[in-house]
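The values are calculated or read from the model by the stated rules, or taken from the named source; none is laboratory data. The shown structure was predicted, so the numbers you read here are calculated from the model rather than taken from an experiment. Quick reminder, even Gly has a Cβ in these numbers, built from the backbone with ideal geometry, and neighbours come from all protein chains shown. When the accessible area is computed, the model is the full protein with side chains, heavy atoms only, and any ligands, DNA or RNA have been set aside. Shrake-Rupley method; radii C 1.70, N 1.55, O 1.52, S 1.80 Å.
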Amino acid sequence: MYLLENTGGRIIKNIRKTFFNLIFILLIISELTSCTLVSGTETYLKPPKLNEEHEKIYNALIDAEGSRISLRYPKSGSYLSAFVVNNIDNESSDEAIVFYDKTNFSGSDTSTLRINFLDQQEGKWKSMYDLSLNGTEIEKVFISELGPDKIKSVIVCTGNQTEKNACMFFYDNAKSIDSQPLGIYSHIDVCDINNDGVNEIMMLNTTPEGNTAHLKWLDNEHTLVSGHEIKLDDNSKEISQLLYGQTNNKSTAVYIDSYINTNTIMTEILTAVSIENELCLRKSIIENYDDSSINKTTRQSSLISRDIDNDGKIEIPVNSTFRGYEEKPQTEQVPMTNWYIYEDNMLIRKYSGYYSITNGYAFMLPSKWYDNVTVKLENDDVIFCRYNELPENQTELLRICVTDSLSATQLKKEKKYSRYEQLYSSGDMVYLACIPDAPKEPLIPTISEIQFCFKIMS
């Protein structure tokens, strides 16, 4: 009886405690909700804390357009502020551009998304032109010199849930403003693709009929010209990234990583050629492949192209398999990543190595290791070994371990890990290497060789 009464009492107390805790939590949620609503309204009416110059620009905008505005920030690119202060008309003073949403727009406006150009007059900012933009978001902004006369242009890229648009603005010393639509795009960039000292606009598009690429530029008459459009690979579905790299003849190539499906990407390489005085893009032919209909750069989507050694050339990573794993199930294989560069219409292997996407590093095999080395995975260690058909006869050459700083300190105190040396640290991650004590093994690298082959993949 005592047990039942005691248990019942505890149950009643727990119910009361839970009830009061629930009431307390509901009160907190109510307070947070009311705070959030107030905060949301204030955020809409007021800008974030601005520096002195931006405050003056913002006040000039308010004077011209009213207070019911909300600043909009570009999502990517070099300009990430709602305010862009730059000399966009080649006069002595700077101009300002502000991106914002406006609620009290007139019936003649096509969008709530706006761009406002301001000029300095007698030391004060004044709104000169206020224009609507297509879309609901500012995707990216370029300020670039275009054409032989190096005319300063402002290219504003906007987007909504279905498409992205770009428009080019020319501002003439507060006297006039001219805009030219560039059209719909999937990826856009400004570059000097043919190395002639004049910038072009690179535009890629994704359509149900396939992906395309073309150039736009200003001619000698300051007229916007569109180059011939080329079709990208039929297997290319969605464009992942666009990179530029130098080839061995010092020309510039465009490397386009595209999704084939969610888990698979491929790379196409474009170069610029002049045909009948018109600048055109051309798809590069890779001659060292017997079947040109198969793109040999097809690989898992996490293996993106990059310039891994900062030499101006782009490397394309493609996986193979380390020795000894060829006949094993795919889930048990350890992939070797081969990095290819494009030269003389061929893909040339520049490096091979172990690439840890999770831990953000790659170890490029020394040339003397090629065809002689395999890899084993043991807990947090990646172990490089001289290959032997009998795993028990494989000689260990190097261990690499990635851990946090506290664990690294503790590990190095243990006898088993006392030979680990730190290669690199990034934040709380520490990269350690251990060279085994086997002086008669010629494939064992020195610490300087390890540091040369070890690369952080940012």
Cα gyration tensor shape of segment 387-458, rounded if a/c is under 1.5, else prolate or oblate by comparing a/b with b/c: prolate
Rounded percent of accessible protein surface that carbon and sulfur make up, segment 169-238, 1.4 Å probe: 44 percent
With every protein chain in place, segment 329-458: carbon and sulfur % of accessible area (1.4 Å): 47 percent
Aspartates and glutamates whose Cα lies under 15 Å from that of K455, excluding same-chain neighbours fewer than 8 positions away: D307, D309, D311, E315
Set of lysines with alpha-carbon distance to K283 below 27 Å, sequence-local pairs under 8 removed: K140, K164, K216, K231, K237, K250, K296, K313, K350
Rounded, prolate or oblate (a/c below 1.5 giving rounded, otherwise prolate when a/b exceeds b/c) for segment 68-107 by Cα gyration tensor: oblate
Against the rule of thumb 2.2 N^0.38 Å, how large the Cα Rg of the chain comes out: 1.33
For E315, residues with placed amide H under 5 Å, excluding near neighbours: R306, D307, I308
Charge-dipole axis of the chain as Lys and Arg at +1 and Asp and Glu at -1 on Cβ define it, positive-most pick from N87, F454, V273: F454
Burial order of peptide ranges 182-193, 118-129 (average beta-carbon count within 10 Å, highest first): 182-193, 118-129
Taking the chain and dividing mean pair separation by its residue count, relative contact order in percent (alpha carbons under 8 Å, at least six apart): 6 percent
Solvent-accessible heavy-atom area per residue, rounded to whole Å², over the chain at 1.4 Å: 55 Å²
Alpha-carbon Debye profile of segment 313-458, log10 I(q)/I(0) at 0.16 Å⁻¹: -0.92
9 Å beta-carbon shell around N199, net charge (K/R +1, D/E -1): -2
Helical mean residue ellipticity (222 nm; -39500 (n - 2.57) per DSSP H run of 4+; nearest 500) of the chain: -5500 deg cm²/dmol
Per-peptide average of other Cβ atoms within 10 Å, ordering 387-397, 300-310, 249-259 highest first: 249-259, 300-310, 387-397
Exposure of K296 as accessible area (Å², to 10), given a probe of 1.4 Å and all protein chains: 90 Å²
Cα-based reach from K102 at 14 Å (exclusive), listing aspartates and glutamates while leaving out same-chain residues under 8 positions away: D63, E65, D130, E137
